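The values are calculated or read from the model by the stated rules, or taken from the named source; none is laboratory data. Here the structure is a predicted model, which is why all the values come from computation and not from measurement. Here the Cβ is made from the backbone with ideal geometry for all residues, glycine too, and neighbour counts use every protein chain on show.
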Amino acid sequence: MQQRQKHKLADTAQQIVGGFLLSGPFVVTAEVWRLAQNMTVFHSLVLVAGVVAIGYGGLYGADNDRDPNREAAIAGVPVRFVSVLLVAYGSVAALALSITAPETFVGDLPRTERLYVTLRAISVAAIFSVVGAVTTDSLF
């Protein structure tokens with residue numbers, strides 16, 4: 001029986017670097033926030049599905065040496081995959097909030113609507129963040 005591969009803190013650190021690197025330009029772009037204003041819940045769910053597919057495919061489909069069944073898991077889900085998703089959304093949210101992007105781009109909206117637009121903008125930028133997170137995780 002093979003031992004499960006552990007997910008190390010260094011792996012998450014690499015993912016964070018990639019996640020921030022590729023998401024940064026999209027968090028500060030007015031067009032992303034304008035798109036987010038026009039999106040529906042359906043559009044957001046499609047983007048979430050895209051992030052999940054890119055994350056899983058990038059980790060396990062593109063790397064023949066990596067097997068999700070041999071990795072440490074939480075409730076059957078590989079820890080590395082969970083980490084990539086948390087990094088993809090977390091890095092975008094942290095960046096958006098730290099540079100006050102919601103106030104800058106949609107500050108004139110009521111608070112509740114601003115929150116929903118912010119969540120949708122995060123879902124847009126997370127597409128790029130997950131690509132960066134998976135790439136750095138696979139390269140290093």
- Item | From Val124, Val134, residue being aliphatic (A, V, I, L, M), in a helix (DSSP H, G or I) and modelled with pLDDT under 95 | Val134
- Query: Going through the stretch 73-89 one residue at a time, which ones are touching a Gly at 6+ places or on another chain (Cβ under 9 Å) and in contact (Cβ under 8 Å) with a residue 60 or more places away in the chain?
  - Reply: Val84, Val87, Ala88
- Task: Tally the residues that are surrounded by 21 or more Cβ atoms within 10 Å (Cβ to Cβ) and in contact with a strand residue (DSSP E or B) (Cβ under 7 Å, 6 or more places away or on another chain), restricting the search to the stretch 50-95.
- Result: 2
- Item | Any hit, the stretch 70-78, residues being in a helix (DSSP H, G or I) and closer than 18 Å to Ala133 by Cβ | no
- Test result for Ser44, small (Gly, Ala, Ser), part of a helix (DSSP H, G or I) and at pLDDT below 95: no
- Those residues of the stretch 16-49 which are under 16 Å from Tyr89 (Cβ atoms), of a type in the set (S, T, N, Q) and surrounded by fewer than 16 Cβ atoms within 10 Å (Cβ to Cβ) amount to none
- Message: If I filter the stretch 50-60 for residues that are closer than 20 Å to Leu97 by Cβ and either at pLDDT 95 or above or over 18 Å from the mean Cα position of the chain (by Cα) (or both), do I get at least one hit?
- Response: yes
